[in-house]
Amino acid sequence: MTFLDISLVKKRFGGLKAADDISLSLEQGSLTALVGPNGCGKSTLFNLITGALPVDSGNITFKGEEITSLPAHKIARKGMGRKFQVPAIFPELTVLENLQVPALQKAGLFNRKASSGHLSETLKTINLSAKKEALAETLSHGEKQWLEIGMILMQSPDLILLDEPTAGMTAAETKATAELIHRINKLGKITLLVIEHDIGFIEQLDCEIHVMARGKILKSGDFKSIRNDPEVQELYFGKTEAGHA
Ligand code: ADP
Ligand code: MG
């Protein structure tokens, strides 16, 4: 059984084909990157997978179950966590309190507290144990992004979708984020799909890569094969597509 299976998914916005017959499969426990220039349809694909937007046609199954027409909250409850491009943390709460919010949401009436083991494990994973009492607004930009990843981890997802997790980060923070993603992937056996337009970060992720252009998957392979591909080079360094890459 394929863990996540996207089959011939289409999405149009007026005349624009944002997803044009996208097919993609993820194995459980894998780490996969989706790269491509701004506007090529990466975030749209996340919207389709998570149910934030309905597909025009095509199918998506998650852990063997059809999720194509389910509402977003039902898909999330099946074990899918998503990080948006802009960090959605609570600035006036402490790091620890921020991590407790998703546990409250998930646990409902019966078990309102996150287990302290899960909290300290997550703090360690995101490298914020020393700052657990700090207000989130005092964190650096990179730390805020890691805190949001921690909030997703507190929901114990099987699949995490990260949308440009290193946007606006320093080189050191970017490197630490690649390490964090590997840590999550290895320790928790969590499957990860990471969107990125920065090819340098993709090299650090060292994983299976799918390159998107104009709503389609253009090429798939490891970093070396992608970097040396003439079509990908044209996409990234040529003048055929607008926007920074
Ligand atoms: P990426 O994440 O790769 O930068 P997006 O998936 O955000 O690209 O966008 C792909 C294209 O679809 C862009 O041209 C964008 O303007 C358009 N688009 C995205 N979402 C919507 C929407 N909800 N309504 C209309 N157009 C959209
Ligand atoms: Mg995007």
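The values are calculated or read from the model by the stated rules, or taken from the named source; none is laboratory data. These numbers were taken from a predicted model, which means no experiment stands behind them. Neighbour counts are summed over all protein chains in view; Cβ atoms, including those assigned to glycine, are modelled from backbone coordinates with ideal geometry. Surface accessibility is based on the protein's heavy atoms, side chains included, excluding ligands, DNA and RNA. Shrake-Rupley method; radii C 1.70, N 1.55, O 1.52, S 1.80 Å.
Helix 141-153 and the longest principal axis of the Cα set of the chain meet at an angle near 80°. Couplings 3J(HN,Hα) of segment 209-219, computed from phi: 10, 10, 9, 9, 8, 6, x, 10, 8, 8, 8 Hz, in residue order, whole Hz [Karplus 6.51 cos²θ - 1.76 cosθ + 1.60, θ = phi - 60°; x for Gly and Pro]. Shape analysis of the chain based on the Cα gyration tensor places the equivalent ellipsoid semi-axes at 30, 22, 16 Å, largest first.
For the chain, which span is the longest to avoid every loop-located (per DSSP) member of trypsin sites (Lys or Arg not before Pro) having at most 12 other Cβ atoms inside 10 Å? Show your work: numbers first, answer last.
Values: sites that count: Arg112, Lys113, Lys189, Lys239.
That gives 1-111 as the longest site-free run.
With contacts taken as Cα pairs under 8 Å and at least 6 residues apart, segment 89-156 reaches a relative contact order of 51 percent.
Given an 8 Å cut-off on Cα distances and at least 6 residues of separation, report the relative contact order of the chain as a percent. Don't skip to the answer; put the middle values down first.
On the way: 458 pairs, mean separation 66.6, N = 245.
RCO, the chain: 27 percent.
Overall, the ratio between the Cα radius of gyration of segment 89-156 and 2.2 N^0.38 Å, rounded to two decimals, is 1.01. Put simply, the amide H of Lys219, placed in the peptide plane, has neighbours under 5 Å in Val211, leaving out anything fewer than 5 places away on its chain. For helix 95-107, report the angle its Cα long axis makes with the longest principal axis of the Cα atoms of the chain; keep it between 0 and 90° and round to the nearest 10°. Around 80 degrees separate the two axes. Our note on the geometry: Cα centres of segment 167-200 and segment 60-106, 18 Å apart. A simple spin-label model places pseudo-atoms 7 Å from Cα toward Cβ; at Ser120 and Phe13 they are separated by 4.6 nm.
Hey, got the dipole for the chain? About the Cα centre, +1 on K and R Cβ, -1 on D and E Cβ, debye to the nearest 20?
Details: 28 positive and 29 negative charges, 120 e Å.
It works out to roughly 580 debye.
Got a sec? Which residues in segment 164-199 would a label at Arg227 touch, if it sits 7 Å along Cα→Cβ and we count backbone N under 15 Å? Residues 198-199 qualify, since their backbone N sits under 15 Å from the label point.
Pairs spanning more than 30 Å between alpha-carbon atoms, out of Lys10/Lys63; Lys42/Lys175; Lys144/Lys216; Lys17/Lys175; Lys63/Lys186: Lys144/Lys216; Lys17/Lys175.
Accessible surface of segment 37-169, 1.4 Å probe: 54 percent of it comes from carbon and sulfur atoms. How far, in degrees from 0 to 90, does helix 171-187 lean away from the longest principal axis of the Cα atoms of the chain, to the nearest 10? Computed tilt is about 80 degrees.
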